[in-house]
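This report refers to the structure that appears directly beneath it.
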Amino acid sequence: MLIAGAVVLGWGEWVNWRWSRALVANGEGSAEAVVVLGYRNPQPTANFINRWRVRAGIRSVATDTRLIFSGGATGSGAAEARLMADYAKSVLGFDGAVLLEDQSATTWENITNVIPLLEDVDRIKIVSQPAHALKARAYLRRQRPDLAERLVRADDYRPGEWTVVKPLLALYGLWTLRGLKADERRISRRQQRSRRLR
């Protein structure tokens, strides 16, 4: 029983680790955008998942970075983007550049609507749980392959973080990623070679 549990936890870590490294490159240049995707948030303050995504977004920030919060309103409440920005500034004390995209209702719309905010950056990081971030990267690749070439890894996967729920996130991720092509779910040979050169 103990071994089976360890195997399940290890599998959850491995799957999420792989997803966090798919469809990204090394990226050159200093101008950077970190896009934080919102999650259903009908209450008046950022929910638990959005708070975690904001923290992961902030820890992904380097120099010369704009932090973009993306997500529209759920129901009659404030937009997810606004709630995440408020949490970043008022609770976490983030004082860097923040932009809001507050019209999106789906992941596809998140990407469509942030594209104008990404045109002039060298590096793009998309922050969410690994499966969701991979889906968003695949959508950017479908909509704007030229911008997808600028994708780099965000700091939204860490070993030991969410360990107990990572197997559940992995199962849910497999279900949500079923519409992606095989080459959109894996680390490419080119990515593997570029990592070996680091």
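The values are calculated or read from the model by the stated rules, or taken from the named source; none is laboratory data. In this text the structure is predicted, and so the values were computed from the model without any measurement. As a convention, Cβ positions derive from the backbone with ideal geometry for all residues, glycine included, and neighbour counts pool all protein chains shown. Keep in mind that these areas ignore ligands, DNA and RNA; they rest on the heavy atoms of the full protein, side chains included. Shrake-Rupley method; radii C 1.70, N 1.55, O 1.52, S 1.80 Å.
So which trypsin sites (Lys or Arg not before Pro) in region 16-49 end up in coil per DSSP with only 13 or fewer other C-beta atoms within 10 Å?
Those satisfying the criteria are ARG40.
State the antiparallel share, in %, of DSSP beta bridges confined to the chain, rounding to the nearest 5.
5
Quantify, in whole percent, the carbon and sulfur part of the accessible surface of the chain (1.4 Å probe; protein heavy atoms only).
Summing carbon and sulfur atoms, their accessible area is 57 percent of the total for the chain.
Averaged per residue, what accessible area in Å² does region 1-131 show with a 1.4 Å probe, protein chains only?
46
Given axes a ≥ b ≥ c from the Cα gyration tensor, I'd like to know whether region 1-144 is rounded (a/c under 1.5), prolate (a/b larger than b/c) or oblate.
Values: a/c = 1.60, a/b = 1.22, b/c = 1.31.
Since a/c reaches 1.5 but b/c is at least a/b, the shape of region 1-144 is classed as oblate.
Provide the percentage of antiparallel DSSP beta bridges, counting only those with both residues in region 27-131; round to the nearest 5.
5
For ARG66, what residues show an amide H to amide H distance below 5 Å, using hydrogens built from the backbone and excluding near sequence neighbours?
Here GLU32, ALA33, VAL34 satisfy the definition.
With θ taken as phi - 60° and the coefficients 6.51, -1.76 and 1.60, list the Karplus ³J(HN,Hα) couplings across region 142-156 in order, rounded to whole Hz; mark glycine and proline as x.
Here the 3J(HN,Hα) series is 6, 7, 9, x, 5, 6, 4, 5, 8, 5, 10, 6, 8, 9, 9 Hz.
Spelling out what I want: for every residue of region 85-98, take phi, set θ = phi - 60°, compute 6.51 cos²θ - 1.76 cosθ + 1.60 (Karplus), and round to whole Hz; glycine and proline get x.
5, 4, 5, 4, 7, 7, 9, 8, x, 5, 10, x, 5, 10
Please return the longest stretch of the chain lacking exposed loop sites, where GluC sites (Glu not before Pro) count only if DSSP places them in a loop and at most 15 other Cβ atoms lie within 10 Å.
Numbers: sites that count: GLU28, GLU119, GLU149, GLU161.
With GluC sites (Glu not before Pro) excluded where exposed in loops, the chain gives 29-118 as its longest stretch.
If Lys and Arg each add +1 and Asp and Glu each add -1, what is the summed charge of the other residues whose beta carbon sits under 14 Å from the beta carbon of LEU92?
+3
What does the charge dipole of region 117-167 about its Cα centre add up to, to the nearest 20 debye, if the Cβ of each Lys and Arg holds +1 and the Cβ of each Asp and Glu holds -1? Write down the numbers at each step before the final one.
Numbers: 11 positive and 8 negative charges, 53 e Å.
That gives region 117-167 a dipole magnitude of about 260 debye.
Would you mind working out the magnitude of the charge dipole of region 1-74 relative to its Cα centre, with +1 at each Lys and Arg C-beta and -1 at each Asp and Glu C-beta, to the nearest 20 Debye?
With Lys and Arg at +1 and Asp and Glu at -1, about 260 debye.
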